[in-house]
Amino acid sequence: MEGEGFSVVRDFAGHGIGRQMHEEPEIPNYGKPSCGPILRSGMTLAIEPMITEGSYVVKVMEDGWTAKTFDGGLAAHVEDTVLITENGPQVFTRLQ
């Protein structure tokens with residue numbers, strides 16, 4: 001996305017999901033390939049990038065939940081739940 005002129009928000013990350021909503025590992029939505037956590041079969045992850053048309057800097061509003069871009073630009077957010085299997089990832093939140 002960044003190569004196309006967009007930004008990836010740094011303040012939020014994907015995460016493991018299981019018995020609790022937010023578990024380890026933290027899954028950054030940016031960074032260098034092959035430098036993040038090692039994914040192993042059996043892990044279930046919430047992958048949730050937020051892409052902005054301007055700066056990646058965001059502010060969280062007083063309600064503690066709503067996030068807005070600091071520069072007022074548009075943003076898009078998507079979340080997928082992915083199971084890592086021996087045969088590759090299985091995306092639960094996409095139509096098959």
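The values are calculated or read from the model by the stated rules, or taken from the named source; none is laboratory data. Because the structure is predicted, anything quoted here is derived from the model rather than measured. Cβ sites come from the backbone with ideal geometry, for glycine too, and all protein chains shown count toward neighbours. To get the accessible areas, we keep the full protein, side chains included, count just its heavy atoms, and leave off ligands, DNA and RNA. Shrake-Rupley method; radii C 1.70, N 1.55, O 1.52, S 1.80 Å.
Residue-by-condition table, conditions (1) over 22 Å from E2 (Cβ atoms); (2) loosely packed, with under 10 Cβ neighbours inside 10 Å; (3) at pLDDT 95 or above; (4) of a type in the set (F, W, Y):
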| position | (1), (2), (3), (4) |
| --- | --- |
| N29 | no, no, no, no |
| C35 | no, yes, no, no |
| L45 | no, no, yes, no |
| T52 | no, no, yes, no |
| K59 | no, no, yes, no |
| D63 | yes, yes, yes, no |
| A76 | no, no, yes, no |
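The residue that is least open to solvent (accessible area, probe 1.4 Å), counting only those in the range 1-24 that are in a loop (DSSP other than H, G, I, E, B) and charged (D, E, K, R), is R10.
Applying the set (1) in a strand (DSSP E or B); (2) in contact with a helix residue (DSSP H, G or I) (Cβ under 9 Å, 6 or more places away or on another chain) to T81 leaves exactly one unmet item: (2).
Could you tell me how many of the residues in the range 78-93 are charged (D, E, K, R) and surrounded by 10 or more Cβ atoms within 10 Å (Cβ to Cβ)?
Residues in the range 78-93 being charged (D, E, K, R) and surrounded by 10 or more Cβ atoms within 10 Å (Cβ to Cβ): 2 in total.
Scoring L83 on the criteria (1) over 22 Å from E26 (Cα atoms); (2) in contact (Cβ under 8 Å) with a residue 24 or more places away in the chain; (3) of a type outside the set (F, W, Y) leaves a single failure, condition (1). Within the range 42-66, the set of residues being more than 16 Å from the chain's Cα centre (by Cα) and in a strand (DSSP E or B) comprises K59, V60.
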